[in-house]
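Reviewing the structure listed below.
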Amino acid sequence: MIEFKLPSLGADMDQGKLVEWTVKPGDHVTKGSVVAVVDTSKSAIDVEIWHDGTVWELLTQPGETVPVGAVMALLLEAGETQEQALAWKRDHAAVPVAAYATAAVLPPAATVTSAPSTPAHDSPAAPAPPTLVSPAAPAARTRVSPAARKRAAELGVDLAALAGSGPEGAITIEDVEKTGKAGSAAATTPLNRMTEIRKTIGAAMTRSKREIPHYYLATDIPLARATEWLAARNTQCSVTERVLMAAVLLKAVAHALKRHAALNGFYRDGRFEPANAVHIGVAISLRQGGLIAPALHDCDSKSLDELMRGLADLVRRARAFTLRSSELSDPTITVTNLGDGGADLVHGVIYPPQVAIIGFGGVRERSWVEEGAVRAMPVVTASLAADHRVTDGHLGALFLADLSRSLQAPDKL
Amino acid sequence: MQTTELRNIVFTILKSIAPEIEPAELDAAAPLRDQIDLDSMDYLNFIVGMHEKLKVEIPESDYQKLVSLDDIVSYLREKLPA
């Protein structure tokens with residue numbers, strides 16, 4: 001039996017509200033499949049599963065809020081039979097499922113008292129004689145257009161409670177908006193979402209400033225070679241294949257991190273755990289205010305073109321509030337790029353439990369001395385804020401020097 | 001294509017990237033990026049949007065000509081068949 005639990009989606013998230021299941025009992029799923037859409041304070045998240053299996057029972061109902069670690073669904077492993085599954089469930093039925101779901105995060109004493117407060121856990125909660133794959137649950141999946149689903153997440157509308165007016169009872173964006181307007185004041189309006197995002201940023205940054213002894217370094221990096229190389233590359237391709245300097249900078253960071261693994265990982269339980277891959281959390285500002293830093297996976301092994309496509313896709317989805325769970329839980333280091341309209345230098349605040357954040361200011365033309373002569377040079381100020389419990393300024397300085405060197409040979413990235 | 005029509009198309013593309021903008025509040029003769037918060041990814045999406053909608057090639061070396069809304073509209077008029 002595979003227990004599908006609500007994964008942690010970052011240090012600042014402790015619960016999520018199920019918007020809908022994207023699978024139904026009987027569906028086969030593979031590692032990395034999206035099985036549910038969960039609304040968190042930051043975004044509606046496509047939650048992925050990390051096992052292969054067949055969906056057996058959905059325990060959480062759309063609209064319910066569950067804590068991180070709660071078992072939301074049960075899946076059959078390859079070769080597991082109904083009988084084995086029922087036997088497994090009988091063994092676990094001594095504990096009502098609702099309590100079982102919260103037991104993962106609450107101390108045992110709290111489970112009994114907290115169980116009644118868990119919202120409407122009707123059919124799956126009752127330790128009733130187990131039936132076959134419960135068709136009472138959302139067997140016939142409601143048809144919802146992606147736009148309507150997104151709008152529902154924004155407005156906090158429960159799709160399960162909606163009657164659709166579209167073809168074959170499909171829920172349309174109008175249905176959602178009608179309900180959203182009539183809905184309770186507690187609905188997640190865009191304004192509420194902004195308040196929540198501000199709160200989560202506040203919580204994570206307060207923790208960071210309280211717990212992490214930051215040290216800060218910065219260096220000016222000449223970008224003439226990278227700029228010329230990129231311009232030459234971009235003239236040869238169509239507008240849809242163009243690469244931005246932002247992607248080149250990310251690639252250079254991933255490249256330089258290979259030699260400085262002590263900046264890439266997590267500080268947990270009093271010690272540093274290096275990460276196996278370079279998943280760069282890219283700080284993306286949201287137009288309505290606030291920011292989010294989802295992971296761009298495997299920046300070290302992706303080509304520059306792949307990285308650019310991944311970055312464009314990530315920015316688009318972050319702003320549409322449709323990120324995947326692994327993107328929120330995975331970043332091993334963060335990069336913040338202020339862009340050309342911004343300031344020259346950023347002193348980053350580390351996102352715990354990460355141990356470093358790299359910042360880039362705007363690329364500016366400045367006077368630059370090279371081989372005894374002054375010339376005009378596009379320059380970016382790169383900064384590093386890192387955790388002094390893990391590294392020292394000497395290593396940080398070596399990293400920035402490597403970063404600068406990487407950017408002088410952009411064709412080798 | 002008429003200037004007004006082109007201007008509306010350009011504006012629709014901009015609005016899809018920066019939903020908060022209002023046509024009446026934009027000064028068509030002033031630099032666009034001073035008035036709208038567009039990062040490099042937004043700007044690229046804006047160029048891609050015009051490329052896809054109007055089927056014009058806009059090389060990167062021409063970006064410097066596209067400063068204000070007026071500049072963009074006259075640039076597109078030259079590029080498009082009358």
- prompt: Before we move on, is B:Asp71 more than 10 Å from chain A (Cβ to nearest Cβ), crowded, with 16+ Cβ neighbours inside 10 Å and touching a helix residue (DSSP H, G or I) at 6+ places or on another chain (Cβ under 7 Å)?
  reply: yes
Scanning the stretch B:9-58 residue by residue, the ones that are within 12 Å of chain A (Cβ to nearest Cβ) and touching a strand residue (DSSP E or B) at 6+ places or on another chain (Cβ under 8 Å) total 3
The one condition A:Ala246 fails out of (1) more than 25 Å from A:Ile212 (Cβ to Cβ); (2) surrounded by fewer than 19 Cβ atoms within 10 Å (Cβ to Cβ) is (2)
Residues of the stretch A:288-300 being more than 15 Å from A:Thr332 (Cα to Cα) and not hydrophobic (A, V, I, L, M, F, W, C), in sequence order, are A:Gln288, A:Gly289, A:Gly290
Requiring at least 2 residues that are touching a Lys or Arg at 6+ places or on another chain (Cβ under 9 Å), the strands (runs of 3 or more DSSP E) wholly within the stretch A:284-371 are A:322-324, A:364-370
Quick check: anything in the stretch A:350-367 without any contact (Cβ under 8 Å) to a residue 12 or more places away in the chain and surrounded by fewer than 18 Cβ atoms within 10 Å (Cβ to Cβ)? yes
Expected output for the stretch A:210-231 (first residue part of a helix (DSSP H, G or I), partner buried (at least 19 other Cβ atoms within 10 Å of the Cβ), Cβ below 6 Å, 6+ apart or cross-chain) is A:Ala226/A:Val248; A:Ala226/A:Leu407; A:Ala226/A:Pro410; A:Trp229/A:Pro410
Over the stretch A:389-413, the set of residues hydrophobic (A, V, I, L, M, F, W, C) and either closer than 18 Å to A:Ala356 by Cβ or at pLDDT 95 or above (or both) is A:Val390, A:Leu395, A:Ala397, A:Leu398, A:Phe399, A:Leu400, A:Ala401, A:Leu403, A:Leu407, A:Ala409
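The values are calculated or read from the model by the stated rules, or taken from the named source; none is laboratory data. Here the structure is a predicted model, which is why all the values come from computation and not from measurement. Reconstructed Cβ throughout: ideal geometry from the backbone, glycine too, with neighbour counts over all protein chains shown.
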